[in-house]
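**Student:** So that we are looking at the same thing, I have put the structure below in C-alpha cells.
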Amino acid sequence: MISIVNMKYDNMMRMTKHLDEKKYYSDEPDVLTFQFTSLNFIEPAGAIILLSTIDRLREDAIPYEIEPIDNINRDAISYGKTMGIFQKLGISDAHSFSQGSNYIAPTKVVLADLFDSLDFQGKTIETYYDEVSTKIVKKILRDLGMGSNDVVRDLFEFVVREMIRNIFDHSQTTHFYYGSQLYPTTNSVELVIADLGLGLLKTIPFDIEETWFGEPTHEDAIRKAVIPGLSALSNHAYAPEDYKNSGYGLALVKRIVERTNGHFSIASGKKTITYSLSGESVEDCDIKGTLIRMRINLDKLNTIDFDEILEDAKKEASSKGYSSSPSSASQKVKSQRV
C-alpha cells in the first residue's frame, strides 16, 4: 500500500525509491495499491513524478490499483481534481482546468502528435521552444502582476526555453510533462519538466579515463550535465545552427536559479541532486528518464547579470577542456534577439 500524504518533490522521490527497493519493476511484486485518504498537499513536481510513475507501470505492464477518491472530503483532493491530476489517473471525471490563477496543471505532450501538428502548421521545433516558453512565462508573470517587466520576462523565458530544449536534445522520449505553481507571497514559482526517455547516464559522454576505476553512476551523469560546454551533441542531425546543442543550457539555468536564492533539481535514474547557494542535497530515487525542477524567486531576476554568468560559464568550460563556444540560442535572451 502506497499512502500519498504530501505530493511534493522530496516525498514522491522517496516513493520511487521505495518501489525500487520492493523490486516492483523486476520481480513478481505484491499487489501495488495507491491511496489518497490522507492527502494534504500537492505541488506540480510531486504530481508529475506520480503521473510519470504510473506511465512507467503501464508501459512495463506492472499491475497496480488506485483506491477511489469519491468519498474523500479533503482540500487537496479538490485541488487535484481541479488540475486534472486524478482524471489523468483515471479515477475522476470531474471538470478540470488546464490553468488557474496560480498554476499550470500538469500537461502531457506526446511528441508524435506535436511533430504532426508542427508539420501541418509549417513550423519548426525551435518555434515550439519559443512559443511554449513564452506562453508559460506570460501566464506566470501576468498572475504575479509582473508582466510589464521586460528584464524579468526575457530572462525567465530563457530559463524555461533551455529546460524544454533539454528534453528534445537528449531524452529520446515519447512524451513529456510540464507544470507550474506560483507562490505570490514570496514572488516565487516552481516549474517542472519531466520525460520518460533514456536518462542522463545513457546520453552524457564520459571520457575513457573516467571509466578506468568503475562504471559511471547516475550521480556522475547529473553532475556532468551541469558542466558548461559538455554536450552529447545528440541534436546535431536536425537542429539549425543557432540551436545546436552546445552543453550550456542546464549549466546556465542552474546558475541563474541559484543567484535568485532558488533551488534547482535534476533527477535521473537512481539519483536526484538539488542545488542552491547554500550547497547541494543528494538523494536516492528511481525514475525513468530525467526530471528537472526549479524554484525560482522572480523578483530577484532583476539583479541577474546574464553576460557575467555566461562569461563565468565559458571560463569554467575552458578550464575543464570543454567547448567555450555556446550555441547562439544559449548566449542570448529574447530582448537581445529582437
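None of the figures in this text is laboratory data; all of them are computed from the coordinates on show. Computed from a predicted structure; not experimentally measured. Cβ coordinates were reconstructed from backbone atoms using ideal geometry, including for glycine residues, and neighbour counts include every protein chain displayed.
**Student:** I need 188, 96, 268 ordered by Cβ neighbour count within 10 Å, fewest first.
**Tutor:** On the way: 188 21, 96 17, 268 30.
So the ranking, lowest neighbour count to highest, is 96, 188, 268.
**Student:** Please give the length that would be gained between residue 202 and residue 299 if that part of the chain were fully extended, namely 0.36 nm times their separation in residues minus their C-alpha to C-alpha distance (nm, one decimal). List each step's numbers first, then the result.
**Tutor:** Working: separation 97, 0.36 × 97 = 34.92 nm, distance 3.68 nm.
Computed gain between residue 202 and residue 299 is 31.2 nm.
**Student:** Also: Answer with a single label: of (1) 31, 59, 10; (2) 29, 55, 16, 0; (3) 27, 50, 21, 2, which was calculated as P(r) over Cα pairs in 20 Å bins from 0, in percent from the structure in view?
**Tutor:** Of the listed options (1) 31, 59, 10; (2) 29, 55, 16, 0; (3) 27, 50, 21, 2, (1) comes from this structure.
**Student:** Quote to one decimal, in nm, the extra length available between residue 33 and residue 212 on full extension: 0.36 nm per residue of separation minus the C-alpha distance between them. It would help to have the intermediate numbers written out before the result.
**Tutor:** On the way: separation 179, 0.36 × 179 = 64.44 nm, distance 4.29 nm.
This chain segment gains 60.2 nm when fully extended.
**Student:** Quick one: net charge of residue 275's neighbours, Cβ under 9 Å, K/R +1, D/E -1?
**Tutor:** Every neighbour counted, the sum reads -1.
**Student:** Once you put a point 7 Å from the Cα of residue 94 and another 7 Å from the Cα of residue 23, both along the Cβ direction, what distance in nm separates them?
**Tutor:** 3.9
**Student:** Work out which trypsin sites (Lys or Arg not before Pro) in the chain are exposed loop sites (DSSP not H, G, I, E or B, at most 14 other Cβ within 10 Å) and give the longest gap free of them. Please report the intermediate quantities before stating the final value.
**Tutor:** Numbers: sites that count: 22, 23, 74, 123, 320.
It runs 124-319.
**Student:** Relative to the first principal axis of the alpha-carbon coordinates of the chain, what is the inclination of helix 306-319, with its axis defined by its Cα atoms, in degrees from 0 to 90 and to the nearest 10?
**Tutor:** The helix 306-319 is inclined about 80 degrees to the chain.
**Student:** Between residue 174 and residue 66, what is the spin-label point distance in nm, taking each point 7 Å from the Cα along the Cα→C-beta axis?
**Tutor:** 1.8
**Student:** Which length gain, in nm to one decimal place, applies between residue 112 and residue 316 when the Cα-Cα distance is subtracted from 0.36 nm times their residue separation? Before the final figure, lay out the partial values.
**Tutor:** Details: separation 204, 0.36 × 204 = 73.44 nm, distance 3.72 nm.
So the extension gain works out to 69.7 nm.
**Student:** OK, next. Sequence gap at least 6, Cα distance under 8 Å: using those rules, report the relative contact order of the chain to the nearest whole percent.
**Tutor:** 16
**Student:** Region 173-227: D in µm²/s via Stokes-Einstein (Kirkwood Rh, Cα pairs, 10 °C, 1.306 mPa s)? Please list the in-between numbers first.
**Tutor:** On the way: Rh = 13.9 Å.
Taking Rh from Cα pairs, D becomes 114 µm²/s.
**Student:** Moving on. Under a GNM of the chain (C-alpha, springs under 10 Å), which listed residue has the highest mean-square fluctuation: 167, 292, 66?
**Tutor:** Comparing 167, 292, 66 in the GNM, the peak value goes to 66.
**Student:** Here are some pairs, 8/224; 88/300; 8/138; which of them have Cα atoms lying more than 29 Å apart in this structure?
**Tutor:** 88/300
**Student:** Further question on the same structure: What does the net charge come to around residue 42 if you take all other residues with beta carbon closer than 15 Å to its beta carbon, with K and R at +1 and D and E at -1? Don't skip to the end; give the middle numbers.
**Tutor:** Numbers: positive: 8, 74, 81, 88, 293; negative: 10, 43, 75, 190.
Here the charged neighbours net out to +1.
**Student:** Now for a separate question. Sort 260, 127 by Cβ crowding within 10 Å, fewest neighbours at the top.
**Tutor:** Numbers: 260 24, 127 12.
If I rank by nearby Cβ atoms, fewest first, I get 127, 260.
**Student:** What distance in nm lies between label points placed 7 Å from Cα along the C-beta direction at residue 3 and residue 78?
**Tutor:** It works out to 2.3 nm between the two label points.
**Student:** Do the sum for the chain: with -39,500 (n - 2.57) for every DSSP H run of n ≥ 4, divided by all residues, what is the mean residue ellipticity at 222 nm, to the nearest 500 deg cm²/dmol? Show your work: numbers first, answer last.
**Tutor:** Details: 12 runs with 135 residues, N = 338.
Per the formula, -12000 deg cm²/dmol.
**Student:** What does the charge count around residue 55 come to, taking other residues whose C-beta lies under 11 Å from its C-beta (Lys +1, Arg +1, Asp -1, Glu -1)? List each step's numbers first, then the result.
**Tutor:** Working: positive: 56, 58, 88, 108, 288; negative: 59, 60, 195.
Local net charge: +2.
**Student:** Using the 10 angstrom Cβ neighbour count as an exposure proxy, how do 195, 119 rank, fewest first? Display every interim value, and only then the final one.
**Tutor:** Numbers: 195 28, 119 10.
Starting with the residue having the fewest Cβ neighbours, the order is 119, 195.
**Student:** Using a 10 Å Cβ count of at most 14 others and DSSP loop calls, identify the longest part of the chain lacking such chymotrypsin sites (Phe, Trp or Tyr not before Pro).
**Tutor:** Working: sites that count: 25, 97, 206, 212, 213, 238.
Result, exposed sites excluded: 98-205.
**Student:** In terms of modelled amide H atoms, which long-range or inter-chain residues lie less than 5 Å from the amide H of residue 66?
**Tutor:** Long-range HN contacts for residue 66: 34.
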